[in-house]
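The next block holds one structure in the form of structure tokens; read it before the comments.
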Amino acid sequence: MKGFVNNKVSRERAIIITQTPMRITLAGGGTDVNWYSNLKGGAWISASFNRYLIVTLSMTEDPEFIGYSYGEEAVQGNSYKMIPNLYVKECLKYSSVTKGISINISSEVSGRSGLGGSAALEVGLLHALYCYKRQSVSQLRLAKEAFRIESVKLKRDYIGPQDQYIVSLGGIKYFERDTSGKVIFEDLPVSLHTISELESNLLFFRTGIYRDAHIALKEQKNKASTREIKALDKIQTLGQKAKKYLLKGDIDSFGSTFDEHWHIKKTLSDKVSNPQIDKWYNEAKKMGSLGGKIMGAGGGGWFVFYVKDKKDAFRKRMSQLGLEERKVKFDWEGSKLLVNIS
């Protein structure tokens with residue numbers, strides 16, 4: 001978070017660009033959600049990786065103008081309320097910067113891919129807005145405020161803070177959340193060899209299916225029966241096992257936790273999987289994968305499989321089944337400032 005202000009640059013030339021990564025949940029996913037962690041606490045391992053959302057914010061000559069573009073969405077006028085994206089609109093309102101700017105957002109992954117894209121948007125835009133106001137801001141504050149915007153301001157009390165924290169902070173981290181909602185975290189001290197093996201053995205594939213994670217999350221909260229609680233208890237316990245395996249460098253045992261997690265997760269909602277996703281998963285197991293995950297709340301997006309051996313044959317078979325591989329490396333910086341002329 002360095003270099004927020006250059007007082008020699010004219011305000012009329014203000015342009016700010018931020019870059020925020022996507023995320024993968026490595027263990028304990030789902031235990032961060034409010035309704036569960038308020039009862040039992042939560043614990044999970046997340047990592048950010050090298051697919052990014054870019055926010056470009058520039059000052060306009062007309063102080064009453066507001067411009068916005070993101071993919072096929074584009075609006076301009078004199079009121080931020082015209083912006084169709086709820087995340088953007090709420091971030092502008094929260095920051096009290098609602099005019100005199102133009103915002104362009106681009107992402108390296110499609111929306112509804114299960115990779116934390118909405119959190120990356122919240123964090124990246126807040127980061128740019130703080131820079132625009134010439135205010136320094138920590139990554140932790142960005143995470144907390146982005147989560148508050150979505151869970152409180154947008155009244156999505158069924159979510160958890162996992163996405164906002166990891167895309168803001170970056171790296172591979174272990175998180176705990178107590179029943180009061182307090183989040184603590186630490187960098188997971190895994191060896192360079194373990195990191196290299198993870199990047200080699202975790203194979204990512206785009207399914208081409210896009211879904212709304214909020215539907216599955218709302219369903220879980222509304223059901224919130226003993227069955228759902230017990231399932232998340234198992235996921236939290238499994239996450240602790242996964243953490244121990246990673247710290248020991250026993251990545252094959254870590255990879256095997258994916259399979260156990262998959263079968264538990266499917267009991268949380270009938271929207272986690274479908275016949276096509278089950279077909280991909282079962283074929284992946286036949287081809288030697290120790291286990292896999294569908295990103296986010298499930299139902300589509302990206303798949304990640306842990307594959308130790310015969311990776312080329314595995315890739316070929318997944319391609320034959322219609323999955324598109326995406327090469328991935330971990331990101332170690334989190335949300336960062338690329339350009340700041342303000």
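Things to note:
- Meets criteria (in the same structural domain as LYS308 (by TED's automatic domain parsing), crowded, with 16+ Cβ neighbours inside 10 Å and at pLDDT 95 or above) for PHE175: no
- Any chance SER69 is of a type in the set (S, T, N, Q) and either under 19 Å from GLN164 (Cβ atoms) or not assigned by TED's automatic domain parsing to the domain that holds PHE147 (or both): no
- Matching option when the condition is surrounded by fewer than 16 Cβ atoms within 10 Å (Cβ to Cβ) and outside the structural domain of GLN164 (by TED's automatic domain parsing), among GLY322, GLY288: GLY322
- Taking region 322-342 as the range and being over 20 Å from GLN162 (Cβ atoms) and in contact with a Leu (Cβ under 7 Å, 6 or more places away or on another chain) as the test, only GLU325 passes.
- Test: VAL88 is closer than 30 Å to ARG177 by Cα and either outside the structural domain of GLY208 (by TED's automatic domain parsing) or in contact with an Asp or Glu (Cβ under 6 Å, 6 or more places away or on another chain) (or both): yes
- Residue satisfying all of: in region 187-204; of a type in the set (Ser, Thr, Tyr) and closer than 16 Å to SER253 by Cβ; surrounded by the fewest Cβ atoms within 10 Å (Cβ to Cβ) among these: SER191
- Within region 52-82, tally of residues that are of a type in the set (Asp, Glu) and either buried (at least 16 other Cβ atoms within 10 Å of the Cβ) or on the phi > 0 side of the Ramachandran plot (or both): 0
- Region 157-193: number of residues that are in contact (Cβ under 8 Å) with a residue 60 or more places away in the chain, out of contact with any Gly (no Cβ under 8 Å at 6 or more places or on another chain) and among the charged types (D, E, K, R): 2
- Residue list for region 117-175, restricted to those being in contact with a strand residue (DSSP E or B) (Cβ under 6 Å, 6 or more places away or on another chain), closer than 30 Å to ILE195 by Cα and among the hydroxyl-bearing types (Ser, Thr, Tyr): TYR174
- Qualifying residue in region 91-113 (condition: outside any strand (DSSP E or B), within 30 Å of SER225 (Cβ to Cβ) and not aliphatic (A, V, I, L, M)): yes
The values are calculated or read from the model by the stated rules, or taken from the named source; none is laboratory data. Because the structure is a prediction, the values reported are computed rather than measured. Cβ: placed from backbone, ideal geometry, glycine included. Neighbour counts: every protein chain shown.
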